[in-house]
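Report on the structure given below.
The values are calculated or read from the model by the stated rules, or taken from the named source; none is laboratory data. The structure presented is a predicted model; accordingly, all values stated were derived computationally and were not measured. Glycine also receives a Cβ, built like all others from the backbone with ideal geometry; neighbour counts cover every protein chain displayed.
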Amino acid sequence: MKYLNAAILNARTGQILFSLPFFLFGVKHLLAAPQIGGIMPEWVPFDLAFVYLAGVSQIAAAISIYIQKYTRPAMTMLVILLSLYILIIHLPGVWAGGEEAFGYLTALLKDLGLVGGAMLLGAGIKEPETDSLEESIR
């Protein structure tokens, strides 16, 4: 039984750690929207609206993870948001080349990993059965 509790605790801790940066970045997007919108690449349409949408989406996703309600739709929204970051901001930045291309590539790979994490979280973490978990640990 102690293995089961440890597995659940680790999964819950991971969920909270995954959600915390989204909450903080979402708040930052809302509080500093004009500044963030001002540094968006020129090819990003509706820069200020995009910043506000990103902030609200990130906060909603973080709260959903924390309260464990509506997680699947919130993770779907987060996957869409992060995919838009990749398609609208990072990929064109990589393709443009130049001195900033490596920074765009780094951000692209980071957001790609976060997309994978959001997909896993949205798919749900099922509570393992006690016997199978204890047997797999032995």
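Tabulated data
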quantity: Matching residues in the range 30-49 - criterion: being closer than 27 Å to residue 15 by Cβ and outside any loop (DSSP other than H, G, I, E, B); calculated: 30, 31, 36
quantity: Residue count, the range 52-98 (criterion: β-branched (Val, Ile, Thr) and in contact with an Asp or Glu (Cβ under 8 Å, 6 or more places away or on another chain)); calculated: 1
quantity: Among (1) touching a Phe, Trp or Tyr at 6+ places or on another chain (Cβ under 7 Å); (2) at pLDDT below 95, the one test that residue 61 misses; calculated: (2)
quantity: Answer from 54, 74 - the residue that is at pLDDT 90 or above, under 18 Å from residue 43 (Cβ atoms) and surrounded by 19 or more Cβ atoms within 10 Å (Cβ to Cβ); calculated: 54
quantity: Answer residue from the range 86-100, given it is surrounded by fewer than 14 Cβ atoms within 10 Å (Cβ to Cβ) and of a type in the set (A, V, I, L, M) and is nearest to residue 54 (Cα to Cα) among those; calculated: 87
quantity: Residue pairs meeting the criteria (Cβ under 9 Å; at least 6 apart or on separate chains; first within 14 Å of residue 56 (Cα to Cα) and of a type in the set (Ser, Thr, Tyr), in the range 1-27; second modelled with pLDDT of 65 or more and assigned to a helix (DSSP H, G or I)); calculated: 19/61; 19/62; 19/63; 19/64; 19/65; 19/66; 19/121
quantity: Residue in the range 47-69 that is basic (Lys, Arg) and touching a residue at least 24 places away in the same chain (Cβ under 8 Å) present; calculated: no
